[in-house]
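J.: Okay, here's the structure, questions in a sec.
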Amino acid sequence: MAKPRIKHYLINEKFEDPGIVIEIDSLGEYILFDIGNIKRLDRHLLKKINKVFITHTHMDHFIGFDTLLRNKIGKEQVVDIFGISPLADNVYCKLQGYTWNLVEYEPRLVFRLKQYNEGLFETFQYDIKRKFAKDFVEEEKVSTDIIYENEFYRVRFAVLDHKIPVMGYSFEYKDRLLLKKDKINELPLKGKQIGQFKSFLEDENNRGKKFKIGEYFFDWEHLRKEYAYIQKGIKISYITDVIFSEENVSKIVNLVKGSDVLYCESVFLSEDREQASKVYHLTTDQTAYIAKKANVKKLIVFHFSRRYGNRKEKILEEIKELFPEVE
């Protein structure tokens, strides 16, 4: 069956600031992974962005916060931000770089932030009506690698080494049970009954149970086969600014394995491995190795070093030799 309608793409060219966009129009979900230079993005899209996942706050991953903020002023909205400590302080300092003496006339804009901090998830809120004060909300022990989840998708994370702790992310749109509309129309079910029927089929715990339609009872297995199908989800992973180490590779592979698409940095050619190690980045062959070991279906590379000028094709050629499914 067809994949869900999810649009995803790099924000910038491969030599420029890292970051990707995921758009899910059907859910009204518009997501950024990293927020470097985002001036290329349409302002109407920026107004709709409601979730931002940040790997770390080096300038090329975070300088676009001001651009996002500028496009949010005047719109009542809650924007969720996720990342790793000291992100909460970084966001607060950004917000306090401006004067907010006329905010009583502005629509309510709230940034809600959840950060990983040494085994804890800490949540803070910044409300324009409070001049973006840093308000503590809650903290909880981390018991899972899921930093966000709703009915339709989850985002998992891994803490990686870039000489500072940084986040790697995996966006996982869940498999969905959908009803065969032509077949459903044949049944004497209407309104809420169809919803109850779908809920019955969605629950694997109903295996072996029966559902009453009209005067008759039918097995869960039969009904699921005849009246429903599974729309497979999609897994999109995002990795950037990491050193090639045994620990990093193990964590990355565990996070991104089986991805339909892996967005991964490939900063240096293989001949510059020593330089890559010094600045905690990946080379072409290292990126290809990770993609192959994780059994990803498609690799999209970015974050090329500017030292290569117009040699973009050379970088891609090196990777394709080891991992042909690269864009």
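J.: Given the options ASN295, ASN248, name the one that is within 25 Å of the chain's Cα centre (by Cα) and part of a helix (DSSP H, G or I). Spell out how you get there, then give the answer.
T.: On the way: ASN295 fails: part of a helix (DSSP H, G or I).
Checking each option against the conditions leaves just ASN248.
J.: Filter the stretch 184-242 for residues that are touching a strand residue (DSSP E or B) at 6+ places or on another chain (Cβ under 7 Å) and of a type in the set (D, E, K, R); which is nearest to GLY258 (Cα to Cα)?
T.: Within the stretch 184-242, the match that is nearest to GLY258 (Cα to Cα) is LYS235.
J.: Could I ask something else about it? With the condition kept exactly as written, say whether any residue in the stretch 60-81 is small (Gly, Ala, Ser) and touching a residue at least 40 places away in the same chain (Cβ under 8 Å). Talk me through it step by step, then tell me what you get.
T.: Of the residues in the stretch 60-81, the ones small (Gly, Ala, Ser) are 64, 74.
If we keep only those that are touching a residue at least 40 places away in the same chain (Cβ under 8 Å) too, we end up with 64.
Yes, some residue in the stretch 60-81 is small (Gly, Ala, Ser) and touching a residue at least 40 places away in the same chain (Cβ under 8 Å).
J.: Could you tell me which residue of the stretch 222-245 is farthest from ILE164 (Cα to Cα), considering only residues that are charged (D, E, K, R) and in a loop (DSSP other than H, G, I, E, B)? Lay out the reasoning, then the answer.
T.: To start, the set of residues in the stretch 222-245 that are charged (D, E, K, R) comprises 224-226, 232, 235, 241.
Filter again for in a loop (DSSP other than H, G, I, E, B), leaving 232, 241.
Details: LYS232: 36, ASP241: 10 Å.
For the stretch 222-245, the residue satisfying everything is LYS232.
J.: May I pose another question? Tally up the residues in the stretch 255-279 that are open to solvent by 50 Å² or more (accessible area, probe 1.4 Å) and under 20 Å from HIS162 (Cβ atoms), please. If you could, list the steps in order and put the result at the bottom.
T.: In the first step, residues of the stretch 255-279 are kept if they are open to solvent by 50 Å² or more (accessible area, probe 1.4 Å); the result is 257, 271, 273-275, 277-279.
So of that shortlist, the ones also under 20 Å from HIS162 (Cβ atoms) come out as 273-275, 277-279.
Residues that pass the stated criteria total 6.
J.: Could I ask something else about it? Tally the residues that are basic (Lys, Arg) and either open to solvent by 40 Å² or more (accessible area, probe 1.4 Å) or at pLDDT below 95 (or both), restricting the search to the stretch 48-77. Spell out the reasoning first.
T.: Initially, the stretch 48-77 is screened for residues basic (Lys, Arg), giving 48, 51, 70, 72, 75.
Remaining after also requiring either open to solvent by 40 Å² or more (accessible area, probe 1.4 Å) or at pLDDT below 95 (or both): 48, 70, 75.
Qualifying residue count for the region: 3.
Every residue, every condition in (1) touching a residue at least 60 places away in the same chain (Cβ under 8 Å); (2) farther than 30 Å from PHE62 by Cα; (3) in contact with an Asp or Glu (Cβ under 9 Å, 6 or more places away or on another chain); (4) of a type in the set (A, V, I, L, M), yes or no:
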position	(1), (2), (3), (4)
GLY191	no, yes, no, no
GLN196	no, yes, no, no
ASP203	no, yes, no, no
LYS210	no, yes, yes, no
GLY233	yes, no, yes, no
VAL267	no, no, yes, yes
ASP272	no, no, no, no
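J.: Among the residues in the stretch 78-97, are any surrounded by 12 or more Cβ atoms within 10 Å (Cβ to Cβ), at pLDDT below 95 and either under 29 Å from ASP161 (Cβ atoms) or touching a Gly at 6+ places or on another chain (Cβ under 8 Å) (or both)?
T.: Checking the stretch 78-97: not a single residue is surrounded by 12 or more Cβ atoms within 10 Å (Cβ to Cβ), at pLDDT below 95 and either under 29 Å from ASP161 (Cβ atoms) or touching a Gly at 6+ places or on another chain (Cβ under 8 Å) (or both).
J.: When you go through (1) assigned to a helix (DSSP H, G or I); (2) among the β-branched types (Val, Ile, Thr); (3) open to solvent by less than 10 Å² (accessible area, probe 1.4 Å) one by one for ILE194, which number turns out not to apply?
T.: (3)
J.: Further question on the same structure: Can you work out which of the residues in the stretch 122-158 that are exposed (fewer than 14 other Cβ atoms within 10 Å of the Cβ) and aliphatic (A, V, I, L, M) is farthest from the chain's Cα centre (by Cα)?
T.: My answer is VAL137.
The values are calculated or read from the model by the stated rules, or taken from the named source; none is laboratory data. Please read all numbers here as calculations on a predicted model, not as lab measurements. FYI the Cβ positions are ideal-geometry reconstructions off the backbone, even for glycines, and counts take in every protein chain you see. SASA here: full protein model, heavy atoms, side chains in, ligands and nucleic acids out. Shrake-Rupley method; radii C 1.70, N 1.55, O 1.52, S 1.80 Å.
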